[in-house]
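First comes the structure, then the notes that go with it.
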Amino acid sequence: DWCISQLATAMGKDEDAKVYAQKSQVYRNIFDKEKGWFRPRKADGSWQDWPENARTTEWYGCVESNPYQQGWFVPHDIEGMVELMGGRKAVLADLYNFFDKTPDDLLWNDYYNHANEPVHFVPFLFNKLNEPWNTQKWSRYICKNAYRNEVEGIVGNEDAGQMSAWYVLTASGIHPSCPGDTRLEITSPVFDRVDFKLDRDYARGEKFTIIAHDNSPANIYIQKAV
């Protein structure tokens, strides 16, 4: 809905943009303030029962995942999501827990499950919460531990190229901010230099270059970007 609203805005269809922007806020309807997290509803609108360990219960209101993994994906309204979840400090504490409980091999698990795409944006939430060093820390960690130069070198199904696309962009130091938003998040590049050949139909110039000075497996934190 939010993507449609952005398209409508670009086309000058302001009324349609307003309608779909409002629709993009319905994620709030499944946030249970008492439980402090997203919770599925029944057909009549009442809450489904809340099982023990509900947030990490796979298939509880989700497909191939759990509410703890899916709940972070509100990329079009991070500010609103953070407010619902109790504010910046509460969200950061929960994110620390989310990553700290993730197994080193990053194979299928109940926390940051890189083997399944719904969590792929979560490391970049730290950028939005004014802790970019944690985005850099975890994106480099994932690039190192979830990918290998082997025939079966990824931790999960390629899923039409998403696993590889995540690595290519993240290892280059950039990541899409949100569907329908042309802004990019930045993070610590794995490569010392990356040259992107630009399509002149859509971009000015012929090449976009990213250079990481003094880059190494130990020296991963960005001091400045110019």
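Derivation of every value follows stated rules applied to the coordinates shown; laboratory data play no part. Just so you know, these numbers come straight off a predicted model, no measurement behind them. Every residue, glycine among them, receives a Cβ derived from its backbone with ideal geometry; neighbour counts consider all protein chains shown.
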So who's got an amide H within less than 5 Å of the one on Phe38, skipping anything under 5 residues away but keeping other chains? H placed 1.01 Å off N, in plane.
Asp32
Based on the Cβ-Cβ distance from Glu83 to Leu107, what FRET efficiency comes out when R0 is 41 Å, to the nearest 0.05?
0.75
Can you work out ³J(HN,Hα) from phi for every residue in the range 25-41, in order, using Karplus 6.51 cos²θ - 1.76 cosθ + 1.60 and θ = phi - 60°, giving whole Hz and x for Gly and Pro?
8, 5, 4, 5, 5, 10, 9, 8, 5, 5, 8, x, 7, 6, 9, x, 10
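Averaged over all directions, how much area does the convex hull of the C-alpha atoms of the range 71-154 cover when projected, in nm²?
5.5 nm²
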Backbone N within the range 112-143 under 15 Å of label point (7 Å from Ala10 Cα along the Cβ vector)
none
Give me the number: length gained by fully extending Val226 to Asp199, i.e. 0.36 nm times residue separation minus the C-alpha to C-alpha distance, one decimal in nm.
7.5 nm
With point charges of +1 on the Cβ of Lys and Arg and -1 on the Cβ of Asp and Glu, referenced to the Cα centre of the range 3-87, which listed residue (Asn29, Trp50, Gly86) lies farthest in the positive direction of the dipole?
Asn29
Mean separation of Cα pairs under 8 Å and 6+ residues apart, divided by the residue count of the chain: what relative contact order is that in percent?
12 percent
How many nm is it between the label spots at Ala90 and Ala165, if each spot is 7 Å from the Cα in line with the beta carbon?
3.4 nm
What is the set of long-range amide H partners of Glu185 at a cut-off below 5 Å, with H atoms built 1.01 Å from backbone N?
His175, Ser177
Positive-end extreme of charge dipole, the range 88-176 - chosen from Ala115, Pro132, Ala160 (charges on Cβ):
Pro132
Loop sites in the range 1-63: GluC sites (Glu not before Pro), DSSP, at most 12 other Cβ within 10 Å:
Glu34, Glu52
Quick check for me: using +1 on Lys/Arg Cβ and -1 on Asp/Glu Cβ, what's the dipole size of the chain about its Cα centre, in debye to the nearest 20?
640 debye
The range 107-189: GluC sites (Glu not before Pro) in DSSP loop, at most 13 other beta carbons within 10 Å:
Glu150, Glu152, Glu158
Sticking with the crude label model, points 7 Å out along Cα→Cβ, report the distance from Lys33 to Asp100 in nm, one decimal please.
2.9 nm
Setting aside same-chain residues fewer than 8 positions from Lys42, which lysines have a Cα under 30 Å from its Cα?
Lys18, Lys23, Lys33
For the range 110-212, alpha-carbon Rg over 2.2 N^0.38 Å
1.10
Potential lengthening between Val19 and Ala43 on full extension [0.36 nm per residue; Cα-Cα distance subtracted]
6.3 nm
Just in the range 52-144: which chymotrypsin sites (Phe, Trp or Tyr not before Pro) are loop by DSSP and have at most 15 other Cβ atoms within 10 Å?
Trp59, Trp108
How large is the direction-averaged shadow of the alpha-carbon convex hull of the chain, in nm²?
15.0 nm²
Length gained when the stretch Asp1-Glu150 is fully extended (0.36 nm per residue, less Cα-Cα span)
49.7 nm
Listed pairs Lys13/Lys207; Lys89/Lys137; Lys137/Lys197 exceeding 30 Å between Cα atoms:
Lys13/Lys207
